[in-house]
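Visitor: Just passing along the structure, written as structure tokens.
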Amino acid sequence: MLAEARGEGVLGMSMVGTVVANRVDADCAPDFRSLREIKHAIYQTIPGTRVPHFEPVLNKTIDTQSPKKSDLDLARRLLHGHRESRARTSLWFFNPSPGSRWRVPCHGTMPRSPMTRFAFAHKNHCFYVGAPGYCPEFYR
């Protein structure tokens, strides 16, 4: 959460963490089948490639973080079941303009993921839910 959304405050980090936890909870094909732990979701690769889903894993900034006690407490809350209500149904997030001060507009669907639809934006991230009929195991 820290590596992905450090500049977006507690709420932004919590929403990013919620999406990762949602992927474990979803357990639906083809994208999120058999993700049993948060670690599996964080290090998941794009199907058919060895490319990680998440930028901080790809560029290895995930390994350079020094979380404070408050960051660890936020992660513990997530592990104990807390989900940020606004991101409760999101399975994807995307920063369309990394490294920029301003976010470019969010796309109607997540790039390279046509089974998504835009739900909301928070600071630099766009959040997406599954298109109708996608992952009925999660969207009950």
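Visitor: First select every other residue whose beta carbon is under 14 angstrom from the beta carbon of Leu58; then total the charges, Lys and Arg +1, Asp and Glu -1. Provide the component values of the computation, followed by the final result.
Guide: On the way: positive: Arg50, Lys60; negative: Glu4, Glu55, Asp63.
Net charge in that neighbourhood comes out at -1.
Visitor: At a Förster radius of 22 Å, what calculated FRET efficiency corresponds to the Cβ-Cβ distance of Glu55 and His80, to the nearest 0.05?
Guide: On the way: r = 26 Å, r/R0 = 1.20.
After rounding to 0.05, the efficiency reads 0.25.
Visitor: Taking each pair of distinct Cα atoms in the chain once, what is the resulting Kirkwood hydrodynamic radius in Å?
Guide: Numbers: mean 1/r = 0.0654 Å⁻¹.
Kirkwood hydrodynamic radius for the chain: 15.3 Å.
Visitor: Sort the range 57-140 into rounded, prolate or oblate with this rule: let a ≥ b ≥ c be the square roots of the eigenvalues of the Cα gyration tensor; rounded if a/c is under 1.5, and if a/c is not under 1.5, prolate when a/b is larger than b/c, oblate otherwise.
Guide: Numbers: a/c = 2.04, a/b = 1.23, b/c = 1.67.
Verdict is oblate for the range 57-140.
Visitor: Another question about this same structure. Given only helices, namely DSSP H runs of n ≥ 4 each adding -39500 (n - 2.57), what is the per-residue ellipticity at 222 nm of the chain, to the nearest 500 deg cm²/dmol? Can you show the working numbers first?
Guide: Values: 5 runs with 42 residues, N = 140.
When only DSSP H runs of four or more count, the value is -8000 deg cm²/dmol.
Visitor: Could you give the length gained on full extension between Ser70 and Tyr139, defined as 0.36 nm per residue of separation minus the Cα-Cα distance, in nm?
Guide: 21.7 nm
Visitor: Sticking with this one: Mind telling me which of Gly81, Gly130, Gly17 comes out most flexible in a GNM of the chain, alpha-carbon contacts under 10 Å?
Guide: Gly81
Visitor: Given the options His40, His80, His122, state which has the largest fluctuation in a GNM of the chain using a 10 Å cut-off (strictly under) for Cα springs.
Guide: Checking each option, the largest mean-square fluctuation is seen for His80.
Visitor: What aspartates and glutamates does Lys68 reach when the alpha-carbon gap must be under 19 Å and sequence neighbours fewer than 8 apart in one chain are set aside?
Guide: The qualifying aspartates and glutamates are Glu4, Glu8.
Visitor: Let me ask something else about it. Counting only protein heavy atoms and using a 1.4 Å probe, what share of the accessible area of the chain belongs to carbon plus sulfur, as a whole percent?
Guide: The computed percentage sits at 55.
The values are calculated or read from the model by the stated rules, or taken from the named source; none is laboratory data. Predicted model only: the values in this text are computed from it and were never measured. Ideal geometry is used to build each Cβ from the backbone, glycine not excepted, and the neighbour counts take in all protein chains shown. Ligands, DNA and RNA are excluded from the accessible area calculation, which covers all protein heavy atoms including side chains. Shrake-Rupley method; radii C 1.70, N 1.55, O 1.52, S 1.80 Å.
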